[in-house]
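Participant: Below is a structure I'd like to ask you about.
The values are calculated or read from the model by the stated rules, or taken from the named source; none is laboratory data. These figures come from a predicted structure and were not determined experimentally. Every residue, glycine as well, gets a Cβ built from its backbone with ideal geometry; the counts of neighbours run over all protein chains shown.
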């Protein structure tokens, strides 16, 4: 293989590596807010998610979260890029797309 073809092959490989690195999936960043409508201990995240979706603030779901698994509370989820509902304090929660 002559040197010009080797250089071309190397350039193609480098270009493919750069394109692959730029096309890597981004990690979703989700914010959580304490639910305003959920009452009682949160034992089922599915129920929490349904309540959050009825709050009308653009929540996409909900999770039962607590300290050391004690006194679980319902937190509503919303993409951090979305506007934070008035009066709410956003807490970032990293959620992987994988």
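Participant: Let me spell it out: the conditions are (1) modelled with pLDDT of 90 or more; (2) out of contact with any helix residue (DSSP H, G or I) (no Cβ under 8 Å at 6 or more places or on another chain); (3) surrounded by fewer than 12 Cβ atoms within 10 Å (Cβ to Cβ), and residue 51 meets all of them except one. Which number is the exception?
Facilitator: (3)
Participant: Now for a separate question. Just to verify a result, which residue in the stretch 36-48, among those that are in contact with a helix residue (DSSP H, G or I) (Cβ under 6 Å, 6 or more places away or on another chain) and modelled with pLDDT of 95 or more, is surrounded by the most Cβ atoms within 10 Å (Cβ to Cβ)?
Facilitator: Within the stretch 36-48, the subset in contact with a helix residue (DSSP H, G or I) (Cβ under 6 Å, 6 or more places away or on another chain) is 37-38, 42.
Next cut, modelled with pLDDT of 95 or more only: 37-38.
Details: 37: 11, 38: 21.
The extreme case among them is 38.
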